[in-house]
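For reference, the structure discussed in these notes is given below.
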Amino acid sequence: MIKSKAIIKKYGKSFFWASKFLDRQSIELIYPIYHLCREIDDMVDEGDSKIGLKNLKHIEENLSVDFLYQKFPYLEAIPKDQFPKMEYIQEFINGQFSDLKFQQPKDMDDLIKYCYRVAGVVGLMLCDVLNIEDKKLKLYAIDLGIGMQLVNIARDIKEDAENERIYLPQSLIGEQHHKSIIENIDLQDLVNLERNNLIEISSSYFRSSDKAFEFLPKQIGYTFRLASILYEGIGVKILTKKHHFMHGRVYLSKFEKLKLTLFSLFERNPKFDQLPKHNKRLHIGINKLPDTDNGIL
């Protein structure tokens, strides 16, 4: 638990801030999931790619609750009957495979599929460990994860290009080599423009997830709403400061986080008698993947 806390504190600063409002029981279920995702992600982002591929395949070939308990002992904090579905973890692994064999997304559908696999399914995993079984609520958990990942991509363009990855789709900036993003000044103006458009798209996913928070247990709902506000705040800061992507990552200061936290406490949210119908257009391109909106619900 201590190590899982340290992992999320280091790599998930916005969510770690928001998680201070959670009860201890929920924290002990949530932190191990973030720890697991971080550890699998590090197999791809750190060290030799061949070793990373071998380790990912080993997990995929042995994927089961018992195997994961054995390989990642901190997961034993999660009871078997609350353990995330293996299909969610498989999709997360699929997302990591795509980073190892990286190709620039062709269009927004490709990018949203990637965001679903590396972040949307994390929302689904958290639903499982927190006993959130309503399939409609899970649609909004996916949206929150996608919104957050789109902000991550918009924030990390320079860093990703240095790691030989371009997540902005070809349909927006053309087929590009990672060096051209860094070296071509004329292209950089287009990248900044489409980065801003990506942030606007992320807002559609945040607005969707907003509708579900009041239907969650109070502390859980508030924590995820605050995490949403903080992540969206990063995107807003990029836009308002007209930040050039070549200047590196944008962070929220502690003062900015505190300001947004106070805003979240006094903000009036729309009230619904029942959970609104999900906008299935947000899941075009991913509607055949586990627990997405395929128009049946």
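Sort HIS35, HIS243 by Cβ crowding within 10 Å, fewest neighbours at the top.
Details: HIS35 23, HIS243 18.
Starting with the residue having the fewest Cβ neighbours, the order is HIS243, HIS35.
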Given unit charges at Cβ for Lys, Arg (+) and Asp, Glu (-), the dipole magnitude of the stretch 90-283 about its Cα centre in debye, nearest 20, is 720 debye
Rounded to one decimal in nm, the spacing of the 7 Å Cα→Cβ label points at ASN294 and LEU262 is 4.8 nm
In whole angstrom, largest first, the equivalent ellipsoid semi-axes that the Cα gyration tensor gives for the stretch 90-283 are 30, 20, 14
Most packed first (mean Cβ within 10 Å per residue), the peptides 22-29, 84-91 order as 84-91, 22-29
For the stretch 172-297, shape from the Cα gyration tensor axes a ≥ b ≥ c, cut at a/c of 1.5 then a/b versus b/c, turns out oblate
Taking the chain and counting helices only, DSSP H stretches of n ≥ 4 at -39,500 (n - 2.57) each over all residues, the nearest-500 ellipticity at 222 nm comes to -20000 deg cm²/dmol
When ARG207, ARG281 are ranked with the fewest other C-beta atoms within 10 Å first, the list becomes ARG281, ARG207
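Can you sort ARG38, ARG117 so the residue with the fewest Cβ neighbours within 10 Å comes first?
Starting with the residue having the fewest Cβ neighbours, the order is ARG38, ARG117.
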Extension length gain for SER64 and ASP42 (0.36 nm per residue less Cα distance), in nm, is 5.9 nm
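Is the shape of the stretch 255-297 rounded, prolate or oblate, going by the alpha carbon gyration tensor and its root eigenvalues a ≥ b ≥ c, with a/c under 1.5 for rounded and a/b larger than b/c for prolate?
The shape class here is oblate.
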Per its Cα gyration tensor (rounded if a/c is under 1.5, else prolate when a/b beats b/c, else oblate), the stretch 1-103 is best filed as oblate
With x for Gly and Pro, the residue-by-residue ³J(HN,Hα) of the stretch 255-262, computed from phi through the Karplus equation 6.51 cos²θ - 1.76 cosθ + 1.60 at θ = phi - 60° and given in whole Hz, is 5, 5, 5, 5, 4, 5, 5, 5
Between the modelled labels at PHE272 and MET86 (7 Å from Cα along Cα→Cβ) the distance in nm is 3.4 nm
Projected area averaged over all directions for the convex hull of the alpha carbon atoms of the stretch 60-137, nm², comes out at 6.0 nm²
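Laboratory data are not the source of any read-out in this text; all were calculated from the coordinates shown. Everything numeric in this text was worked out from a predicted model, so none of it was measured. Virtual Cβ from ideal backbone geometry, glycine too; neighbours counted across all protein chains shown.
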